[in-house]
Amino acid sequence: MSRKRNIERLLEQWGGTFSSGLGIDIESGRSDEIFKWFLASILFGTRIRQNVAEKTYRQFENNRVLTPDDILATGWDGLVEILDSGGYVRYNFKTATKLLEIAGLLNTRYSGDLNNLHEEAKDAADLETKLDEFKGVGPVTVNIFLRELRGIWEKADPLPGDRVIEAAMDLGFISSARKDRKERKRDLETVWERTGLSGNFSVFEASLVRYGIELRRQKRRGKEILNPFGP
């Protein structure tokens with residue numbers, strides 16, 4: 001089976017960006033949609049189950065708390081209540097505090113608009129540095145956030161995360177001999193470009209993340225993950 005068909009099968013089974021799955025239209029480039037994805041990325045960036053993070057984001061959506069001003073107006077107690085309702089109980093207090101600090105800094109420094117942050121960044125590295133300045137937003141959250149903004153924000157160009165690399169190696173898209181993430185990123189971009197498939201590279205990347213999550217889960221259980229290229 002050709003590599004193109006393999007990737008098509010991968011996308012069929014594991015495809016779809018995380019933002020689109022939540023109904024967030026980051027492709028529009030609108031500030032409100034990008035902040036929604038930032039909020040979701042913060043929830044995904046904690047060591048918690050994916051379904052819990054998704055459910056908790058839905059609770060923010062249901063309560064119409066989707067902007068920096070909404071977060072500040074809701075206050076610490078209200079945020080804890082929303083987090084608890086989504087099952088985010090392990091990190092509820094810490095995350096509520098973090099969200100208030102992030103919303104406050106975003107309003108003060110960037111007029112509440114992440115697009116302003118992007119415009120002020122000199123390049124991809126500076127963009128990641130500026131995002132790291134938000135207290136509690138670490139490399140994992142930054143990678144999640146920027147991964148799906150690749151091709152939307154000019155300076156969004158993160159290196160592939162661990163799950164992407166693990167999945168790509170398991171599926172034979174990249175060699176285990178190469179250790180440098182920049183080289184692996186170039187290899188994966190080449191693999192994607194050669195398929196001629198439509199869509200942003202981030203769609204391919206997201207499918208590898210989903211496969212990588214399941215790969216880790218099955219390995220912890222001592223099971224072998226079902227080959228997505230099988231019959």
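When only Cα pairs below 8 angstrom with a gap of at least 6 residues are kept, segment 1-88 shows a relative contact order of 23 percent.
Considering helices alone, the calculated mean residue ellipticity of the chain at 222 nm is -20000 deg cm²/dmol, with DSSP H runs of length four and up weighted by -39500 (n - 2.57) and normalised per residue. Projecting label points 7 angstrom from Cα along Cα→Cβ for Glu189 and Ser175 puts them 2.0 nm apart. Compared with the dominant Cα axis of the chain, that is its longest principal axis, helix 68-85 is turned about 70°. Distance between the pseudo-spin-label points of Asp132 and Leu105 (7 Å out from Cα toward the beta carbon): 1.2 nm. For the chain, the relative contact order works out to 24 percent when only alpha carbon pairs closer than 8 Å and six or more residues apart are counted.
Tell me whether segment 11-51 comes out rounded, prolate or oblate; compute the Cα gyration tensor, take square roots of the eigenvalues as a ≥ b ≥ c, and use a/c under 1.5 as the rounded threshold. Before the final figure, lay out each step's value.
Numbers: a/c = 3.12, a/b = 1.14, b/c = 2.74.
Because a/c hits 1.5 or more and a/b fails to exceed b/c, segment 11-51 counts as oblate.
In terms of its alpha-carbon gyration tensor, segment 10-132 comes out oblate; a/c meets the 1.5 threshold, while b/c is at least as large as a/b. For the chain, the longest principal axis of the C-alpha atoms and the axis of helix 92-110 are separated by about 80°. Distance from the Cα centre of segment 138-160 to that of segment 24-39, in angstrom? Between the Cα centre of segment 138-160 and that of segment 24-39, the gap is 13 Å.
Using C-alpha pairs under 8 Å with a sequence gap of at least 6, the mean separation divided by the residue count of segment 29-147 gives a relative contact order of 29 percent.
Quick one: net charge around Asp25, please, counting Lys, Arg +1 and Asp, Glu -1 for every other residue with C-beta under 15 Å from its C-beta. List each step's numbers first, then the result.
Numbers: positive: Arg30, Lys36; negative: Glu27, Asp32, Glu33, Glu61, Glu148.
Its environment carries a net charge of -3.
If you plug the beta carbon distance of Glu54 and Ser28 into 1/(1 + (r/R0)^6) with R0 = 25 Å, you get a FRET efficiency near 0.75. Taking the average, over residues, of other Cβ atoms within 10 Å as the packing measure, peptides 7-18, 147-158 rank 147-158, 7-18 from highest down.
Is the C-alpha gyration tensor of segment 111-165 telling us rounded, prolate or oblate? Criteria: a/c under 1.5 is rounded; beyond that, a/b larger than b/c is prolate, otherwise oblate. Display every interim value, and only then the final one.
Details: a/c = 1.95, a/b = 1.34, b/c = 1.45.
Verdict is oblate for segment 111-165.
Helix 181-195 and the long axis of the chain differ in direction by around 70°, with both axes built from C-alpha atoms. Net charge of the neighbourhood of Ile82, taken over other residues with C-beta under 12 Å away and scored Lys/Arg +1, Asp/Glu -1, is -2.
Can you tally the net charge around Ala96? Count Lys and Arg as +1, Asp and Glu as -1, for every other residue whose Cβ sits under 11 Å from the Cβ of Ala96. List each step's numbers first, then the result.
Working: positive: Lys94, Lys98; negative: Asp77, Glu81, Asp84, Glu101.
Once positives and negatives cancel, what remains is -2.
Coordinate-derived values only; no laboratory data. Note that the structure is a prediction, hence the values are computed from the model and not measured. Please note: Cβ atoms are built from the backbone with ideal geometry, for glycine as well, and neighbour counts cover all protein chains shown.
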